[in-house]
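Peer 1: Encoded as structure tokens, here's the structure I'll be asking about.
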Amino acid sequence: MTRLWQAALLLFALVAIYLLPGTLKNYGVYIVTLWSVYVIAGMGLNLTVGYAGQISLGQAAFWGIGAYTTAIALKAGLPFFAALPLSAALCFGVGLLLGFPALRVQHHYLAFATLGFNVLVFLAFRNEDWLTGGTFGINNIPRPILFGWRLRAPLDFFHLTWIATVVMGALMALLLRSPWGRAFAALRDNPIRAESVGIDTTFYTLLAFAIGAAYAGVAGAFFAPLVGFIEPAPFAVTTSLSMLLMVIAGGSGRLFGPAIGAIVVVLLPEWLRFAAEWYLAIFGVLIVVMMVWLPGGLLSIPDRLRAARVLK
Amino acid sequence: MTALLNVRDMRKDYGAIRAVDGVSFSVDAGEILGVIGPNGSGKTTLFNAILGQVTPSAGAVTFEGQSVTGIKPLHLARLGIGRTFQTLQVFGQLSVRDNLIAAGQEFGGSTWRRLFAAPDAGLGARADDMIALFRIGHVAHLPAGSLSYGQQKLVDIAMAFMSRPRLVLLDEPCAGVNPALIDQLTDLLRQVNQQTGATFIVIEHNMDFVMNLCARVICMAQGRILAEGAPASVQANPAVLEAYLGS
Ligand SMILES: Nc1ncnc2c1ncn2[C@@H]1O[C@H](COP(=O)(O)OP(=O)(O)OP(=O)(O)O)[C@@H](O)[C@H]1O
Ligand SMILES: [Mg+2]
């Protein structure tokens, strides 16, 4: 496939996703918007985990920090387009701090360090009533106003979220194409070699966490007005696990991995609803099957097929 | 004239094992120094201690008259000291060409500005030159991790030269490389040495390679320097022969 065809196909897909929810009922639009939000958070985690090779089980904490920051800011009367960068910046800062343990420990130790961080943030959401409303959460979070128009209709809000997702995706693509993207991959592949060729692994490790966290912050900023009511539960460690599953199921270290992975995590459970109480079991089996036969994720299927054809 | 690199009384202990035991030597700019010695004699550890990969137990290193003892590999790299590794160390998932660019992109300019630089960081042409020089054009677009051992070794060596270092420490560059290529590698290194004035310290077990390339050789045994001098005289030294053949 030539580059031109690829670009045309991508454009078609982006526009189709923009238009498709127009045919859905409100609940369907909500699910697709949720998918879109997850894609943003997943792209950030994909940078941290897939490209820079730093394991993180704390992405939902950043997602939560972004959501609470936006909710509180909106309730205080700040416009959405001020709350959004605020959420991203706050997550960037906290993400930078979470990068420091990664300078000392790796792999499963780092997994537990980030998991501990997620638990800590979750407890803060639950216990700091004065700020977060505790277990009651924050309700009546208003939808953004765009050119004097409040995006109350689910479809309007989806369109805004989807445009943000595409913009964040484009920024990520540019980042990954730049020399920084190569430095992140070098850090992942061989940190010792990276240092010996002048790559500042401290800098890139911290930035991998900070940028990944900022993406989760943006996702959170859209999540809060999407649901209109937030409480601590969605930001627990289980969501971080789902987000990691998303990155791996889609294809870790592949640009479009999170978009595919989010289908598995957000849409697949919906499609499996026909199976009633069996749906979690089916979901579990599918994940096991996929991890065993497709450890490279769904986007590794074309490579697999190509390799199989070469062998024949 | 002061030496380019000066190592004084270098020592490295691993628990009770004294891997490097009071080694002193210096290298002049433009020189090619060979380091030989039996397995386990402390050659790699000496490199690692000079390069800040491990913290020396004692000793001092100066580069261009400036103390660099215990400085981290990152900063030594930026001062102009490159290295290759005895065990393969490439960026496995990156293409060969990206490996080379990655090995040169962080030199000069600010890290922040590189975010907005061209994807190849302006090093595409230099990477292609290096690919041609090392004859790895047919695999340039493959992930480096998928190459054969010898091919990865060549990538590893080529990477060390991307930043135009003034001093390069090579740890067994010939190991696993086919004999026909070893002669080419000798020519290549001599060529780089003459054209750029780069200085080399080469650990190698291949005596032909050492004899051809190096003007001066150090032989290590049990963490110490056993003999030093012209390659032929070191090779003929009875103590050296005994170290290699003896217990
Ligand atoms: N990380 C380490 N921990 C403990 N001992 C070590 C370590 N690295 C090296 N040693 C010991 O130090 C001694 C010197 O090892 P070194 O790798 O420097 O030898 P070498 O001369 O490079 O050998 P070769 O020619 O086989 O590469 C050996 O006895 C080795 O077991
Ligand atoms: Mg060695």
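Peer 1: What residues have an amide H closer than 5 Å to that of B:GLY30, excluding those fewer than 5 places away on the same chain, when H is modeled at 1.01 Å from N in the peptide plane?
Peer 2: Amide H neighbours of B:GLY30: B:THR199.
Peer 1: Right, another one. In units of 2.2 N^0.38 Å, what is the alpha-carbon radius of gyration of segment B:93-161?
Peer 2: Normalised by 2.2 N^0.38 Å, the Cα Rg of segment B:93-161 equals 1.10.
Peer 1: Something else: 222 nm [θ] for the protein assembly as shown, helices only, -39500 (n - 2.57) per DSSP H run of 4+, per residue, to 500?
Peer 2: Mean residue ellipticity, 222 nm, calculated: -17500 deg cm²/dmol.
Peer 1: Can you find, among A:GLY137, A:VAL167, A:GLY95, the residue farthest towards the positive end of the dipole of chain A? Put +1 on the C-beta of Lys and Arg, -1 on that of Asp and Glu.
Peer 2: A:VAL167
Peer 1: Return the carbon/sulfur percentage of the accessible area of segment B:93-161, one whole number, probe 1.4 Å, all protein chains in place.
Peer 2: Carbon-and-sulfur percentage of accessible area, whole number: 57.
Peer 1: Answer with one residue from A:PHE203, A:ALA236, A:GLY217: the one whose Cα lies farthest towards the positive end of the charge dipole of segment A:160-261, charges on Cβ with Lys, Arg +1 and Asp, Glu -1.
Peer 2: About the Cα centre, the residue reaching furthest to the positive side is A:PHE203.
Peer 1: Can you tally the lysine pairs in the protein assembly as shown where the Cα-Cα distance is under 20 Å and the two residues are eight or more apart, or on different chains?
Peer 2: 4
Peer 1: Right, something else. Which residue, chosen from B:THR2, A:ILE260, B:GLN151, occupies the Cα position most advanced towards the positive end of the dipole of the protein assembly as shown, where the dipole is computed from +1 (Lys, Arg) and -1 (Asp, Glu) charges on Cβ about the Cα centre?
Peer 2: Value: A:ILE260.
Peer 1: Further question on the same structure: Convert each backbone phi in segment A:143-153 into a coupling constant with the Karplus relation 6.51 cos²θ - 1.76 cosθ + 1.60 (shift: θ = phi - 60°), then list the ³J(HN,Hα) values in order as whole Hz, x for Gly and Pro.
Peer 2: Whole-Hz 3J(HN,Hα) from phi for segment A:143-153: 6, x, 10, 10, 6, x, 10, 7, 7, 6, 5.
Peer 1: Taking a label point 7 Å from the Cα of B:SER146 along the Cα→Cβ vector, which residues of segment A:282-310 have an amide N closer than 11 Å to it?
Peer 2: A:303-304, A:306-308, A:310
Peer 1: On to the next question. Please list, in chain and number order, the residues 5+ apart from B:LEU226 or on another chain whose amide H is under 5 Å from its amide H, with Hs placed from the backbone.
Peer 2: For B:LEU226, whose amide H was placed from the backbone, the distant partners under 5 Å are B:CYS219, B:MET220, B:ALA221.
Peer 1: Give the calculated FRET efficiency between A:ARG150 and A:HIS107 to the nearest 0.05, with a Förster radius of 56 Å applied to their Cβ-Cβ distance.
Peer 2: Computed FRET efficiency for A:ARG150 and A:HIS107: 0.75.
Peer 1: Convert each backbone phi in segment B:121-127 into a coupling constant with the Karplus relation 6.51 cos²θ - 1.76 cosθ + 1.60 (shift: θ = phi - 60°), then list the ³J(HN,Hα) values in order as whole Hz, x for Gly and Pro.
Peer 2: With the stated coefficients, segment B:121-127 comes to 6, x, 10, x, 5, 5, 4 Hz.
Peer 1: Heads up, I need the accessible area for A:THR201: 1.4 angstrom probe, whole protein in place, Å², nearest 10.
Peer 2: Answer for A:THR201: close to 20 Å² accessible.
Peer 1: Follow-up. For segment A:222-227, just list the computed ³J(HN,Hα) in residue order, Karplus coefficients 6.51, -1.76 and 1.60, θ = phi - 60°, integers in Hz, with x standing in for Gly and Pro.
Peer 2: Along segment A:222-227, the couplings run 8, 5, 4, x, 5, 8 Hz.
Peer 1: Roughly how many whole Å is it from the C-alpha centroid of segment B:78-109 to that of segment A:213-261?
Peer 2: 34
Peer 1: Report A:ARG304's accessible area, 1.4 Å probe, all protein chains in place, as a number in Å² to the nearest 10.
Peer 2: Only protein atoms counted, so the area is about 120 Å².
Peer 1: Bin width 10 Å, origin at 0, all Cα-Cα pairs of the protein assembly as shown: what percent of pairs per bin?
Peer 2: Here the calculated profile for the protein assembly as shown is 3, 16, 23, 21, 15, 12, 7, 3, 1, 0.
Peer 1: Under a plain spin-label model, where a point goes 7 Å from the Cα along Cα-to-Cβ, how far apart in nm are B:ALA215 and B:ARG164?
Peer 2: 2.3
Peer 1: A follow-up question, please. What is the spread of the Cα atoms of segment A:1-124 along each of their three principal axes, largest first, in whole Å?
Peer 2: 46, 45, 25
Peer 1: Express in nm, to one decimal, how much length is gained between A:LYS25 and A:TRP278 on full extension, taking 0.36 nm for each residue of separation and deducting their alpha carbon distance.
Peer 2: So the chain would gain 88.6 nm between A:LYS25 and A:TRP278.
Peer 1: Is the shape of segment A:131-217 best called rounded, prolate or oblate, per the rule: a/c under 1.5 gives rounded, else a/b larger than b/c gives prolate, else oblate, with a ≥ b ≥ c the square roots of the Cα gyration tensor eigenvalues?
Peer 2: oblate
Peer 1: Something else now. Go through A:HIS107, B:HIS141, A:HIS159, B:HIS75 and list them by solvent-accessible area, largest first, probe radius 1.4 Å.
Peer 2: Ranking A:HIS107, B:HIS141, A:HIS159, B:HIS75 by accessible area, largest first, yields B:HIS141, A:HIS107, B:HIS75, A:HIS159.
Peer 1: Need the full-extension length gain, A:LEU9 to A:THR238, defined as separation in residues times 0.36 nm minus the C-alpha distance. One decimal, nm.
Peer 2: That pair, A:LEU9 and A:THR238, stretches by 79.0 nm at full extension.
Peer 1: Right, here's the next one. Binning at 10 Å from 0, report for chain A what percent of all alpha-carbon pair distances ends up in each bin.
Peer 2: 6, 26, 35, 24, 8, 1, 0
Peer 1: Where both partners of a DSSP beta bridge lie in the protein assembly as shown, what percent of those bridges are antiparallel, to the nearest 5?
Peer 2: Expressed as a percentage, antiparallel bridges in the protein assembly as shown total about 60.
Peer 1: Here is a follow-up. With a 1.4 Å probe and all protein chains in place, put A:TYR204, A:TYR109, B:TYR244 in order of accessible area, largest first.
Peer 2: Largest accessible area first, the list is A:TYR109, B:TYR244, A:TYR204.
Peer 1: Next question. According to a simple spin-label model (label point 7 Å from Cα along Cα-to-Cβ), what is the distance in nm between A:ARG306 and A:ARG177?
Peer 2: 1.9
Peer 1: If you take every DSSP beta bridge whose two residues both sit in chain B, what share of them, in percent to the nearest 5, is antiparallel?
Peer 2: Antiparallel bridges: around 55 percent, rounded to the nearest 5.
Peer 1: Relative to the Cα centre, what is the charge dipole magnitude of the protein assembly as shown, using +1 at the beta carbon of each Lys and Arg, -1 at the beta carbon of each Asp and Glu, and rounding to the nearest 20 debye?
Peer 2: Value, rounded to 20: 1140 debye.
Peer 1: Moving to a separate point now. Applying 1/(1 + (r/R0)^6) with R0 = 60 Å to the Cβ-Cβ distance of B:ARG190 and A:VAL167, what FRET efficiency is obtained, to the nearest 0.05?
Peer 2: Working from the Cβ atoms, E equals 0.65.
Peer 1: So, one more: What size of dipole, in debye to the nearest 20, comes out for segment B:93-161 about its Cα centre when the only charges are +1 on Lys and Arg C-beta atoms and -1 on Asp and Glu C-beta atoms?
Peer 2: Using only the charged Cβ atoms, the result is roughly 20 debye.
Peer 1: Could I ask something else about it? Cα gyration tensor of segment A:195-308, axes a ≥ b ≥ c as square roots of the eigenvalues: rounded (a/c below 1.5), prolate (a/b > b/c) or oblate?
Peer 2: Oblate.
Peer 1: So, one more: Along the Cα→Cβ direction, 7 angstrom out, place labels at B:LEU79 and B:ALA118. What is the inter-label distance in nm?
Peer 2: 3.2
The values are calculated or read from the model by the stated rules, or taken from the named source; none is laboratory data. Computed from a prediction, not measured in an experiment: that's the story for all the values here. Cβ coordinates were reconstructed from backbone atoms using ideal geometry, including for glycine residues, and neighbour counts include every protein chain displayed. Surface areas here come from the heavy atoms of the whole protein model, side chains and all, with no ligands, DNA or RNA. Shrake-Rupley method; radii C 1.70, N 1.55, O 1.52, S 1.80 Å.
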